[in-house]
Each structure stands twice: as structure tokens, then as C-alpha cells.
Amino acid sequence: TLLDIEERLVSFIVKTALDNRRAELKTLGADIPMLEAIKPPFRRLTYTQAVEQLNKMGIATAWGDDLDRRREIAILEWAQFPTFITHYPLELKFFNMRQNREDPRIVNAADLLLPGVGEVCGGAEREEDPIRLRQRLMTSTAMKHLLAAGGSAEDYEWYLQLREHDSIPYAGFGMGFER
């Protein structure tokens, strides 16, 4: 799955850095034991479980609230291990993320959080159904921002047309500290 690929990639990068640049990591003050512990499988929490955990920790979080940096760091302080947060509320994620077919309130998306850093990967299945995709776009925050900036639905027509011809299920992720 996509999450397996992400955790293998991150683990490989960390291991390679430890194998080839341990002295530099020490000079930079890196937490070497924490880095050595970054190995699959990573912890997986649904968004709902993350909200429950945050509330147990005394950080008031309602279902539907964004997991801002403060909340992500709190989850990491509790977990002390790389953690995926999965199945976010539909309204929090971009319109092209695939709506979960069993629970239409959520999308099949995941963010990877790393101790000492926060979010380093954001990924999702992409909506392959052109009718659902168009409906999601028209009611999305992205569309509201586009219209407020003087744009129109036509600005996304090229993307919608790509999905209307033999679209297949697919997924992807972005990685980096400053995405």
C-alpha cells in the first residue's frame, strides 16, 4: 500500500543518513537513538483516534478540527514514534482525495508525522470517479478561494477532463519539510 511505500522510503533515508553521515548528525545534535528506532511498521491512527487521544491529553479537539502543528507535535510526544494519521474528514482535505465509500464523511488520506519534525508526508488515494470529482470540486474550499480570487470553474476543466477518459484508481504522496 501507499503507507508501506512511505514508511520504507523514510526508513531507508534515515538508515542511509545514519550509515553515511552519523558524525554530521551528531554535530547537528540529532537524537541518534530516536533515528535508529525509525523502522517499519510505523504507528497508524485514524483521525478519529487522534482526536480522542488529544482530548485524553487535555488538548480540546472536536471532530472536524484541523490537526495543526501544535496538535501534531502533541501526538508525536505521546507516540514517540513515526505515526500515520489516516482517514481525515472530507472538509479538511483537497477535493481530489477519494471519498471513503463506507463512510462518506472521510477521505482515504494519510499524513506521516515524524518525532522532532511533524508532518513530512501527505498522501491520499485520488478520486477516479469523474462525477464525484466534479461534485467535490464545486463544493470545495479550493473552488471558493478560486472564485474569490476572480477565477472560475473553467480553471479546473482540464483536470476534470483528464479523469473523464479511462481514469483508473491511483494514489500518491508528497514528501518534504517545506511542502
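The values are calculated or read from the model by the stated rules, or taken from the named source; none is laboratory data. The shown structure was predicted, so the numbers you read here are calculated from the model rather than taken from an experiment. No Cβ is skipped: glycine too gets one built from the backbone with ideal geometry, and neighbour counts run over all protein chains shown. All accessible areas refer to the heavy atoms of the entire protein, side chains included, with ligands and DNA or RNA removed. Shrake-Rupley method; radii C 1.70, N 1.55, O 1.52, S 1.80 Å.
When segment 80-89 is filtered for residues that are open to solvent by 10 Å² or more (accessible area, probe 1.4 Å) and either more than 14 Å from Leu2 (Cβ to Cβ) or touching a Gly at 6+ places or on another chain (Cβ under 8 Å) (or both), the ones remaining, listed by number, are Gln80, Phe81.
Looking at the structure I just gave you, is Ala23 assigned to a loop (DSSP other than H, G, I, E, B) and open to solvent by 20 Å² or more (accessible area, probe 1.4 Å)? No; evaluated as a whole, the condition is false for this residue. Residues in segment 123-154 that are outside any helix (DSSP H, G or I), in contact with an Asp or Glu (Cβ under 7 Å, 6 or more places away or on another chain) and surrounded by fewer than 20 Cβ atoms within 10 Å (Cβ to Cβ): 0 in all.
All conditions in (1) within 12 Å of the chain's Cα centre (by Cα); (2) assigned to a loop (DSSP other than H, G, I, E, B) hold for Glu119, with the sole exception of (2). Quick check: is even one residue across segment 71-78 among the hydrophobic types (A, V, I, L, M, F, W, C), crowded, with 19+ Cβ neighbours inside 10 Å and in a loop (DSSP other than H, G, I, E, B)? There is no residue in segment 71-78 that is among the hydrophobic types (A, V, I, L, M, F, W, C), crowded, with 19+ Cβ neighbours inside 10 Å and in a loop (DSSP other than H, G, I, E, B).
In segment 164-179, the qualifying residues are those that are open to solvent by 40 Å² or more (accessible area, probe 1.4 Å) and of a type outside the set (A, V, I, L, M, F, W, C), and the one that is nearest to the chain's Cα centre (by Cα) is Arg179.
The numbered conditions (1) open to solvent by 20 Å² or more (accessible area, probe 1.4 Å); (2) within 27 Å of His165 (Cβ to Cβ); (3) not in a helix (DSSP H, G or I); (4) not polar (S, T, N, Q) are all true for Gly58 except (2). When segment 35-52 is limited to residues that are more than 18 Å from the chain's Cα centre (by Cα) and part of a helix (DSSP H, G or I), the one that is surrounded by the most Cβ atoms within 10 Å (Cβ to Cβ) turns out to be Leu35.
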